[in-house]
Ligand SMILES: Cc1cc2nc3c(=O)[nH]c(=O)nc-3n(C[C@H](O)[C@H](O)[C@H](O)COP(=O)(O)O)c2cc1C
């Protein structure tokens with residue numbers, strides 16, 4: 001099958017990381033070529049091996065490694081037709097909003113040109129979500145033309161409370177990704 005597009009998924013350290021397996025399956029099943037990059041915190045929640053098996057591609061984690069002297073943040077940003085950052089943690093949300101590039105994921109996002117769409121799916125505890133600093137950083141992100149934010153939903157959170165902070169469901173992220181890729185480039 002001809003591949004429909006290159007999708008780069010960035011996973012941050014949050015409980016919702018396990019839901020990205022379903023998103024990857026949906027994308028691969030529907031003909032997309034998928035690569036996954038993970039922050040060091042994300043690998044505490046789910047093993048990179050899972051994504052290597054689901055995508056059939058290496059999983060990108062480190063900015064620097066002895067075996068690889070390439071500028072992977074640049075090659076990955078060039079490879080992607082669309083980047084999805086999900087779950088987007090409060091930490092990475094704030095770093096991206098400030099242009100901080102202190103790991104592979106944040107460096108790739110920073111290196112993506114304005115012609116590359118970026119889909120952000122934050123997920124966090126309600127207290128973090130409502131923190132005025134997070135809201136201010138979110139506001140900054142929403143102003144970027146090629147960024148789309150899929151706001152978190154209300155429901156049961158991993159911390160056993162009900163509130164806003166649940167990551168949008170994988171099916172919803174998938175549909176949004178398809179819609180973004182189908183949109184004619186302006
Ligand atoms: C059990 C557990 C669950 C967590 N869930 C979340 C979460 O859903 N969202 C979030 O923003 N941070 C969450 N955190 C905190 C992040 O893992 C932490 O801020 C980390 O530094 C994020 O790093 P990253 O943005 O580089 O992935 C959680 C931490 C723990 C221990």
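Along the Cα-to-Cβ line of residue 158, 7 Å from the Cα, sits a label point; which residues in region 1-35 have backbone N less than 19 Å from it? It comes to 9-25, nothing else. Under a GNM of the chain (C-alpha, springs under 10 Å), which listed residue has the highest mean-square fluctuation: 55, 113, 148? Evaluated over the chain, the most mobile residue of the options is 113. Can you tell which of 122, 87, 58 shows the greatest fluctuation in a Gaussian network model of the chain with Cα springs below 10 Å? Largest GNM mean-square fluctuation: 58.
Rounded to the nearest 10 degrees, the inclination of helix 20-29 to the longest alpha-carbon principal axis of the chain is 40 degrees. Annotation for region 1-33 versus region 114-186: alpha-carbon center distance of 16 Å.
Percentage of Cα-Cα pair distances in region 75-164 greater than 21 Å, rounded to whole percent? Value for region 75-164 (Cα pairs over 21 Å): 29 percent. Relative to the current alpha-carbon distance between residue 146 and residue 65, full extension at 0.36 nm per residue lengthens the span by 26.1 nm. With R₀ set to 45 Å, the beta-carbon distance separating residue 98 from residue 3 gives a calculated FRET efficiency near 0.85. Applying Stokes-Einstein at 4 °C and 1.567 mPa s to the Kirkwood radius of the chain, computed over alpha-carbon pairs, gives a translational diffusion coefficient of 79 µm² s⁻¹.
Enumerate the residues in region 113-137 having an amide nitrogen under 17 Å from the point lying 7 Å beyond the Cα of residue 41 toward its Cβ. Of the residues in region 113-137, 120-137 have backbone N under 17 Å from the label point off residue 41. Taking 130, 160, 19 as the candidate residues, the one with maximal mean-square fluctuation in a Gaussian network model of the chain, Cα springs under 10 Å, is 160.
Rule-based calculations on the coordinates, nothing more; no lab input. These numbers come from a predicted model, not from an experiment. Neighbour counts run over all protein chains shown; Cβ positions are idealised from the backbone, glycine included.
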